[in-house]
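The structure appears below as structure tokens.
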Amino acid sequence: MAVYDDEQPLVLRSISHSAEELAQFDDVMEQQDYRRQLILDELRQMDIPLQFDAVIGRGGLVKPIAGGVYEINQLMIDDTHSGIALHNHACNLGCLIAHEIAEQINTQHPSPNTHHPRCRSFIADPGVVDELNDYARISGSPLMNRICIWHALNQRAIARRYAAEVGRSYEDLNLIICHMGGGISVAAHDHGRAVDANNALDGEGPFSPERAGSLPASDLIRLCFSGKYTEKQLLKRIAGKAGLNAHLGTNNVKEILERIEEGDHEAELILNAMIYHVAKNIAAEAAVLCGKIDAILLTGGLAHSDYIVGRLRQRIGFLAPVRCFPGEDEMEALALNALAVLRGEREAKVYD
């Protein structure tokens, strides 16, 4: 959570939840009141009054939408509760908590005036942002289309930051952006639209610290009917107990790098294989942009690693200049998106 005064961060907090604390809930959606109260308690302890122009939350896995800032409405809330995305992910609580806090503020100040304007609630660039071109949606089977679930918020924020640094507009650039975290998403940004991106949540692209990425289809089908695993167990083998975690027993890249320094050849092989597949997926997006690439941007937590970034540069540096933006500042990205709407620089979209 964060509190911003215009572009200035006043508060940045990371509230951790232990496995024991979350064990009392059968479902992520049941955590809504618990998580909202933790935020309100933090504000109270810091003597920050509930007087805000906007509350913006991370968007959930609702139906596919175009990128941008969305004012939270009842349909978005209903779709989040209905499980339309079929994913039990904590990001689904973002819009619900943001809307509830905004409504609490408006209840305390029911008459909009110059001193207490109505507080608005938003989401911005959720993981289901879908701006794919027609080719990207088609798979080799008419039974299923390709979908993208990716790090849209951070990727678009990094794209705008890079554009500002080089004195250009995001809408004027062709970029390949790779976000490397627990999951890895790679997207081709064609003049302000992500026309190709992978499903980094559960089933496409390079493997990552916690995701299996693309798998041999026939082998996966055989495994599903082998009787060795339940559906729930196999889903964990795709997202969670997968990728580096499945091969090496940990998703901690720092620990894996220490093992490599100590001479662990298996750790070196597996990590280098992940880097290899990330590079291959980045290079594939070059074909989407017909080789017209202004820059390749690397971001996410793994971009802090010189080992990973250096080896990626060796494989993809011939395509375009490579810039690194380590970490992810989703709080700043959310704040700047809300601020752009409040200032009239960008219009909030309607979820329909």
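The values are calculated or read from the model by the stated rules, or taken from the named source; none is laboratory data. A quick note: this is a predicted structure, and the numbers were derived from the prediction, not measured. Note: ideal-geometry Cβ built from the backbone for every residue, glycine included; neighbour counts use all protein chains shown. The protein model used for the area step is the full one, side chains on, heavy atoms only, and it has no ligands, DNA or RNA in it. Shrake-Rupley method; radii C 1.70, N 1.55, O 1.52, S 1.80 Å.
Quick notes on this structure:
- Residue match in the stretch 301-310 (condition: surrounded by fewer than 18 Cβ atoms within 10 Å (Cβ to Cβ), out of contact with any strand residue (DSSP E or B) (no Cβ under 9 Å at 6 or more places or on another chain) and either assigned to a loop (DSSP other than H, G, I, E, B) or basic (Lys, Arg) (or both)): no
Residue-wise test of (1) of a type outside the set (A, V, I, L, M, F, W, C); (2) not in a strand (DSSP E or B).
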site: Gly140; (1), (2): yes, yes
site: Ala159; (1), (2): no, yes
site: Ala163; (1), (2): no, yes
site: Gly167; (1), (2): yes, yes
site: Leu175; (1), (2): no, no
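- Beta carbons closer than 8 Å, at least 6 apart along the sequence or on distinct chains, never pair a first residue in the stretch 132-152 that is more than 24 Å from Gly300 (Cβ to Cβ) and in contact (Cβ under 8 Å) with a residue 12 or more places away in the chain with a second that is open to solvent by 40 Å² or more (accessible area, probe 1.4 Å) and assigned to a loop (DSSP other than H, G, I, E, B).
- Residues of the stretch 56-72 satisfying the condition of being in contact with a His (Cβ under 9 Å, 6 or more places away or on another chain) and part of a loop (DSSP other than H, G, I, E, B): Gly60, Leu61, Ile72
- Flag for Gly167 being open to solvent by 10 Å² or more (accessible area, probe 1.4 Å) and either under 19 Å from the mean Cα position of the chain (by Cα) or within 21 Å of Pro64 (Cβ to Cβ) (or both): no
- Among the residues listed as Glu131, Glu204, the single one being part of a loop (DSSP other than H, G, I, E, B) and at pLDDT below 95: Glu204
- One residue from Leu248, Leu271, Leu220, Leu289 being of a type in the set (A, V, I, L, M) and surrounded by fewer than 17 Cβ atoms within 10 Å (Cβ to Cβ): Leu220
- Scanning the stretch 322-352 for residues that are open to solvent by less than 70 Å² (accessible area, probe 1.4 Å), over 17 Å from the mean Cα position of the chain (by Cα) and either under 22 Å from Ser305 (Cα atoms) or among the aliphatic types (A, V, I, L, M) (or both) turns up Val322, Cys324, Ala338, Leu339, Ala340, Val341, Ala348.
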